[in-house]
Every structure is written in structure tokens, then in C-alpha cells.
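*Asks:* Before we start, here is the structure in question, set down as C-alpha cells.
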Amino acid sequence: MESSPKVHAGPDQAFIERLIHGYGIEASQAERLLEEFLIYYNQTVEEWVRSRHYHLQRQGYKNEDIYNIIAVELNTRRFVSEPLSIRQIRRLIYG
């Protein structure tokens, strides 16, 4: 009987294995962690600004403070974006 060739599981499976072995978590936890990671880091600038605005509002921040926080935090994010003005941030949030 001929054995079937080993199928390469891809980089996602390799990362899941790394999480399992490196952090001692279950496969289902590692898969969920990777899913959350990908959702978070695949956001567009617009999605991230709206989401961050929502979360900061829920923490009790006022809009003027939120716009400034977002402007600073955009510089630390992984997307390539020119710095946004407060006005541009407002437009992303409210259209």
C-alpha cells in the first residue's frame, strides 16, 4: 500500500503549532488566538478608527480626547497611512 504524500499545512498551521508548544495551550485555543490576531491586524484604517472610537467612548472618553488619542495611536499601528488630521478622523467615524 502506497502512503499518501504529506500535505503541507501552511503557515497558519505552523503558527498554531508554535502557539501550542510555546505556550502550552490547546489547539482550539491556539486557533482562536490566531483568528483574533488576524481579524485585528487585517483591519483597514477606517475599520480600526471606528472600532477604537467606539471602545474609547465606552471607557468614558470625550470625543475631543478620543480624536487626539487616535491620531497618536495611528502612528504605532502596522498599516501604512499618512498621519490623519482630527478632521479626517472625525470623517472616518461619522462619514
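No value in this document is a laboratory result; all are computed from the given coordinates. All values reported here derive from a predicted model rather than from experimental measurement. Every residue, glycine among them, receives a Cβ derived from its backbone with ideal geometry; neighbour counts consider all protein chains shown.
*Asks:* Answer with a single label: of (i) 57, 23, 15; (ii) 85, 43, 16; (iii) 69, 25, 20, which was calculated as Cα extents along the principal axes in Å from the structure in view?
*Replies:* (iii)
*Asks:* Would you mind calculating the gained length between residue 43 and residue 77 on full extension (0.36 nm times residue separation, minus the Cα-Cα distance), in nm to one decimal?
*Replies:* Working: separation 34, 0.36 × 34 = 12.24 nm, distance 1.05 nm.
Gain in length upon complete extension: 11.2 nm.
*Asks:* How large is the helix-only mean residue ellipticity at 222 nm for the chain, computed as the sum of -39500 (n - 2.57) over DSSP H runs with n ≥ 4, divided by its residue count, in deg cm²/dmol to the nearest 500? Show your work: numbers first, answer last.
*Replies:* Working: 5 runs with 63 residues, N = 95.
Result for the chain: -21000 deg cm²/dmol, rounded to the nearest 500.
*Asks:* If packing is taken as the mean number of other Cβ atoms within 10 Å per residue, what is the order of 48-57, 29-38, highest first? Before the final figure, lay out each step's value.
*Replies:* Details: 48-57: 16.9, 29-38: 13.9.
Highest to lowest by the protection proxy: 48-57, 29-38.
*Asks:* Note the angle between two axes, namely the Cα long axis of helix 63-74 and the longest principal axis of the Cα atoms of the chain, as a number of degrees from 0 to 90, rounded to the nearest 10.
*Replies:* On a 0 to 90 degree scale, this one is about 40.
*Asks:* What distance in nm separates the simple spin-label points at residue 85 and residue 35, each placed 7 Å from Cα in the Cβ direction?
*Replies:* 4.2 nm
*Asks:* Something else about it: With an 8 Å Cα cut-off and a minimum separation of 6 or more residues, compute the relative contact order for the chain in percent.
*Replies:* Values: 46 pairs, mean separation 20.7, N = 95.
Averaging sequence separation for qualifying contacts and normalising by length gives 22 percent for the chain.
*Asks:* Taking the Cβ of residue 72 as the centre, find all other residues whose Cβ is under 15 Å away and add up their charges (Lys, Arg: +1; Asp, Glu: -1). Intermediate results must be reported in sequence, preceding the final value.
*Replies:* Values: positive: 52, 77; negative: 64, 65, 73, 82.
So the surrounding residues net to -2.
*Asks:* For the pair residue 12/residue 25, report the inter-label distance in nm, with labels modelled 7 Å from Cα in the Cβ direction.
*Replies:* 1.6 nm
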